[in-house]
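The values are calculated or read from the model by the stated rules, or taken from the named source; none is laboratory data. Keep in mind that this is a model prediction, so the values were computed, not measured. Glycine also receives a Cβ, built like all others from the backbone with ideal geometry; neighbour counts cover every protein chain displayed. Heads up: the accessible areas ignore ligands, DNA and RNA and are worked out on the full protein's heavy atoms, side chains in. Shrake-Rupley method; radii C 1.70, N 1.55, O 1.52, S 1.80 Å.
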Amino acid sequence: VAQEGALFLLAPIGARAVGMGQAVSAADLGSEAIWWNPAGLARMTRTEVVVNYSKTVIATGSAVDVVVPAGRAGVLAAAVYLFDPGQQSVTDPTGAIVGSINPRSVVIAASYAATIGSRVNAGVTYKHVEDRLDCSGSCTVPSYAVSTTAFDFGMQVIADPAKRLTLAFAVTNLGFRLQVIDAPQSDPLPTRVHLAAQYTIPAVERVVTDGVLKMGAELVDNIALGNSSLRLGGEFAYKQQYYLRAGLLDGSGDGSRSTVGFGVQRGGIAMDFARAFGGFSTAAGTSPTYVTLRFRF
């Protein structure tokens, strides 16, 4: 991972996805699919505006997503994400503050998704990726602002007649190298390949009226296919109004090992909350926290 640039692109976005252990490339995520697998947008029928917020020991993350279904033409979406580690003071040898640095990273995304027949979803996301560091006062590092372009491609296939099993494939952060100093020292983006499946368990519906349990598994690897990790997660929905989520994962961006989450939906308004445990953020005393507020029209 240390040989890649723009590592903020691996930071998870969206409380629902985090609560399910990030095993969501085959899931029906709503607007969060912009950041995980754009194919998941293809069957959306309502306009959606979403605000995502996250807090870890490294940074705060804020994202705004907008999804607009266009009928037979498909589904259009746009989003912006700010990854903000916060302002840091620069001191001299005596400990006096002589300046400050302010690192920030921004992603502007645009997605398109459509159905192919009754069982296949496909989507693509374009990302403008910007990494910058601003300095005021006496600085030990130079200011810079660099940018690059990346794409996400994805597909979902409903694999059985009962429409309980969904298989998915996605490639994320495929793009041009990020150059901060010069071309020989530019860094490749953290491109990832995702293979996933999600299954709706029928036995739960027979036991719990209006209850639906979906379980997912996802294998994630780098573009060289040499460092795979596994994610497992599930979501129990009751009356499509109350949601409980949990997940186990390996190889997450911050080393998290497990997640829990819940959600509540009333009419066109929904709120989701998730926390992750394990990894260096938890070790530093700040378990990563994620909140999503969703409006549907």
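Among the strands (runs of 3 or more DSSP E) lying completely within region 62-132, list those that include at least 1 residues that are closer than 17 Å to Asp28 by Cβ and touching a strand residue (DSSP E or B) at 6+ places or on another chain (Cβ under 8 Å).
Where strands (runs of 3 or more DSSP E) fall fully within region 62-132 and carry at least 1 residues being closer than 17 Å to Asp28 by Cβ and touching a strand residue (DSSP E or B) at 6+ places or on another chain (Cβ under 8 Å), they are 75-84, 97-116.
Would you check which residues across region 1-21 are closer than 20 Å to Glu32 by Cβ and among the charged types (D, E, K, R) and list them?
Arg16
Restricting the search to region 167-193, which residues are β-branched (Val, Ile, Thr) and either open to solvent by 70 Å² or more (accessible area, probe 1.4 Å) or out of contact with any strand residue (DSSP E or B) (no Cβ under 7 Å at 6 or more places or on another chain) (or both)?
Hit for region 167-193 is Ile181, nothing else.
Among the residues in region 231-251, are any touching a His at 6+ places or on another chain (Cβ under 6 Å) and closer than 21 Å to Asn173 by Cα? Working first, answer last.
The first filter runs over region 231-251 and keeps only residues touching a His at 6+ places or on another chain (Cβ under 6 Å), leaving none.
So far as region 231-251 goes, no, none of its residues is touching a His at 6+ places or on another chain (Cβ under 6 Å) and closer than 21 Å to Asn173 by Cα.
Scan region 238-256 for residues that are modelled with pLDDT of 90 or more and within 14 Å of Gly21 (Cα to Cα) and report the count.
Number satisfying all stated conditions: 6.
Across region 82-131, what is the total count of residues that are open to solvent by less than 60 Å² (accessible area, probe 1.4 Å), among the polar types (S, T, N, Q) and either modelled with pLDDT of 95 or more or in contact with a His (Cβ under 8 Å, 6 or more places away or on another chain) (or both)?
Residues flagged as open to solvent by less than 60 Å² (accessible area, probe 1.4 Å), among the polar types (S, T, N, Q) and either modelled with pLDDT of 95 or more or in contact with a His (Cβ under 8 Å, 6 or more places away or on another chain) (or both) within region 82-131 amount to 4.
Filter region 249-265 for residues that are hydroxyl-bearing (Ser, Thr, Tyr) and part of a strand (DSSP E or B); which is most open to solvent (accessible area, probe 1.4 Å)?
Ser258
Quick one: count up the residues across region 217-229 that are open to solvent by 70 Å² or more (accessible area, probe 1.4 Å) and either within 16 Å of the chain's Cα centre (by Cα) or at pLDDT 95 or above (or both).
The total comes to 1.
(1) more than 21 Å from Val204 (Cα to Cα); (2) assigned to a strand (DSSP E or B): which one isn't true of Ala246, the others all being true?
Here Ala246 meets the rest and fails (1).
Restricting attention to region 209-233, which residues are closer than 17 Å to Ala274 by Cβ and touching a Lys or Arg at 6+ places or on another chain (Cβ under 6 Å)?
Within region 209-233, Glu218 is the sole residue that qualifies.
Is it the case that Thr292 is of a type in the set (Ser, Thr, Tyr), closer than 27 Å to Gly154 by Cα and out of contact with any Cys (no Cβ under 8 Å at 6 or more places or on another chain)?
So Thr292 fits the description; yes.
Among the residues of region 268-278, is there at least one that is closer than 20 Å to Asp210 by Cα, at pLDDT below 95 and touching a Lys or Arg at 6+ places or on another chain (Cβ under 8 Å)?
Within region 268-278, one or more residues are closer than 20 Å to Asp210 by Cα, at pLDDT below 95 and touching a Lys or Arg at 6+ places or on another chain (Cβ under 8 Å).
Which condition from (1) closer than 16 Å to Ala79 by Cα; (2) surrounded by fewer than 24 Cβ atoms within 10 Å (Cβ to Cβ) is the one that Asn52 breaks?
Exception for Asn52: condition (2).
Please work out which residue is farthest from Phe151 (Cα to Cα), limiting yourself to region 7-41 and to residues that are open to solvent by less than 10 Å² (accessible area, probe 1.4 Å) and over 13 Å from the mean Cα position of the chain (by Cα).
That would be Ala26.
How many residues does region 132-166 hold that are surrounded by 14 or more Cβ atoms within 10 Å (Cβ to Cβ), among the hydrophobic types (A, V, I, L, M, F, W, C) and more than 20 Å from Trp35 (Cβ to Cβ)?
Residues meeting the conditions: 8.
Is it the case, given these coordinates, that Val208 is within 26 Å of the chain's Cα centre (by Cα) and either modelled with pLDDT of 90 or more or aromatic (Phe, Trp, Tyr) (or both)?
For Val208, the condition - within 26 Å of the chain's Cα centre (by Cα) and either modelled with pLDDT of 90 or more or aromatic (Phe, Trp, Tyr) (or both) - is not met.
Given Gly5, Gly30, which one is touching a residue at least 12 places away in the same chain (Cβ under 8 Å) and over 25 Å from Ser118 (Cβ atoms)?
None of the other options fit; the residue is Gly5.
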